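**Q** Below you will find the structure I want to go over with you.
The values are calculated or read from the model by the stated rules, or taken from the named source; none is laboratory data. As the structure is a prediction and not an experimental result, all values here were calculated from the model. Cβ placement follows ideal geometry from the backbone for every residue including glycine, while neighbour counts extend to all protein chains displayed.
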Amino acid sequence: MRIAGNRLMRSVIMAVALTSSTAPALPSPVAAAAAHGPRLDAALDEVQAWVGKAFPGAVVAVGLHGRLVALRSFGRMSSAANAPPMPRDAIFDLASLTKVVGTTTAAEILHGRGLLDLDRPVIDYLPAFAGTPGHERITIRHLLSHSSGLFTSDLLWQHGRDRQELLALIDHMPVAWEPGTHYQYRDENLILLGEIIEHITGQPLDRFVHDAVFRPLGMNNTGYNPPASRIARIPPTEQDDVWRHRLVRGEVHDENAYMLGGVAGHAGLFSTACDLARLAQLYLDQGRHAGRQIVTPSSLAAFTTRQSVPPGSSRALGWDMPDASGGFAGPLASPEALMHTGFTGTSIYIDRSRDAFIILLTNRVNPSRNNKRITDARIAIHTALLSAILKGSASDADCQSPKDQRCNRHPRRHGNRPCDQR
């Protein structure tokens, strides 16, 4: 470390799916079938249509008005012929969702505590970053908006032998554009922010994020470097024939994060759709969970407002927001939505205008990153689901609130706990 989700269903409701499509029923108490609205069911069929084309398997969670209205799995754990069905509680390598789920949320918390100044230079927090021309003008806001100007065509993991060498490469990375004038999505921006969080807190990044974010939200299946005991629930990512020369499973797919020890600001987190539903609901509930203010309203506003830094950028701080085309969420995306994707085939979409969220987790890089159909799949899937939401087909469900801890303490009347924590 540098310097260091009325439990009674209202009458005349149409319940929504909490079933697994191709996967068998999960062990009790998670296993149970519930009826679901036909329009949302048809929308979820769009996910199935991409199985075997864009990804071997997926898990989708849809939330609406404080309730988890769909949690469904599709396909299989991998592209192998004998692969088991994808379980609803699969633990996915989130890749760059780490940037918002972990690092950005942690930064929001520190900002709310008055410990992180968005317009303060990075070198004030990380003296080792000083010395390279232009670095003194890069601020925290520039890192979060990907407008730092940092650029290299080198793949860092090919030039560093360990964590310290990789961080040193970033410390000396040239500035190609004046900070704040050019958008260039760079992992290094969030790697630096992760280091800054460690410096401010005096704790390893994984420890602070766990204590400040995951534990309060009950995200018990979320973390870095998952234990071997959970390997059966982790879909494999890529068959790496270039560097590690093995099928990557249970270890971070991203090469830079792997070299950094599996814990980094840009990648490394593993999680489930249910856990991410809890995080998405936090943002819809103005930073509150179970009566506790996790993120202050002022910090939430600061980080989730379109920055226009540089001018024309669609990004907030850490979070992306839809551009004119809607980005990966398609033409029905709300202009004020928060969103992000991960290289392994993951995405999160939080629609504040419609009080809804969509979590799509896949392992599209299995067996190879060369399959790029996830781009078309994301647009088609989000368009189908948002269309169903707009048509009002996604109605309330019985005790399926990601923000209500009672849903994990008491069985639903169908005997199901939708986000069972193991």
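**Q** Would you mind telling me which numbered condition in (1) farther than 30 Å from HIS289 by Cα; (2) crowded, with 20+ Cβ neighbours inside 10 Å TYR224 fails?
**A** Condition not satisfied by TYR224: (1).
**Q** Would you check if there is a residue in region 101-110 being within 27 Å of ASN256 (Cα to Cα), buried (at least 24 other Cβ atoms within 10 Å of the Cβ), in contact with a strand residue (DSSP E or B) (Cβ under 7 Å, 6 or more places away or on another chain) and not polar (S, T, N, Q)?
**A** Among the residues of region 101-110, at least one is within 27 Å of ASN256 (Cα to Cα), buried (at least 24 other Cβ atoms within 10 Å of the Cβ), in contact with a strand residue (DSSP E or B) (Cβ under 7 Å, 6 or more places away or on another chain) and not polar (S, T, N, Q), which makes the answer yes.
**Q** Which of the numbered conditions does GLY131 fail, given that it passes all the others? Conditions: (1) at pLDDT 95 or above; (2) assigned to a loop (DSSP other than H, G, I, E, B).
**A** (1)
**Q** Return the residue satisfying two criteria in turn: it lies in region 149-179 and is within 25 Å of the chain's Cα centre (by Cα), modelled with pLDDT of 95 or more and in a loop (DSSP other than H, G, I, E, B), and of such residues it is surrounded by the fewest Cβ atoms within 10 Å (Cβ to Cβ).
**A** Top of the filtered list is PHE151.
**Q** Let me ask something else. Testing ILE123 on (1) under 20 Å from THR103 (Cβ atoms); (2) hydrophobic (A, V, I, L, M, F, W, C); (3) part of a loop (DSSP other than H, G, I, E, B); (4) out of contact with any Lys or Arg (no Cβ under 6 Å at 6 or more places or on another chain), one condition comes back false. Which one is that?
**A** In the conditions (1) under 20 Å from THR103 (Cβ atoms); (2) hydrophobic (A, V, I, L, M, F, W, C); (3) part of a loop (DSSP other than H, G, I, E, B); (4) out of contact with any Lys or Arg (no Cβ under 6 Å at 6 or more places or on another chain), ILE123 misses (3) alone.
**Q** Look at GLU188 and say whether it is in a helix (DSSP H, G or I), in contact with a Phe, Trp or Tyr (Cβ under 8 Å, 6 or more places away or on another chain) and of a type outside the set (Ser, Thr, Tyr).
**A** Numbers: in a helix (DSSP H, G or I): yes; in contact with a Phe, Trp or Tyr (Cβ under 8 Å, 6 or more places away or on another chain): no; of a type outside the set (Ser, Thr, Tyr): yes.
Against the criterion (in a helix (DSSP H, G or I), in contact with a Phe, Trp or Tyr (Cβ under 8 Å, 6 or more places away or on another chain) and of a type outside the set (Ser, Thr, Tyr)), GLU188 does not qualify.
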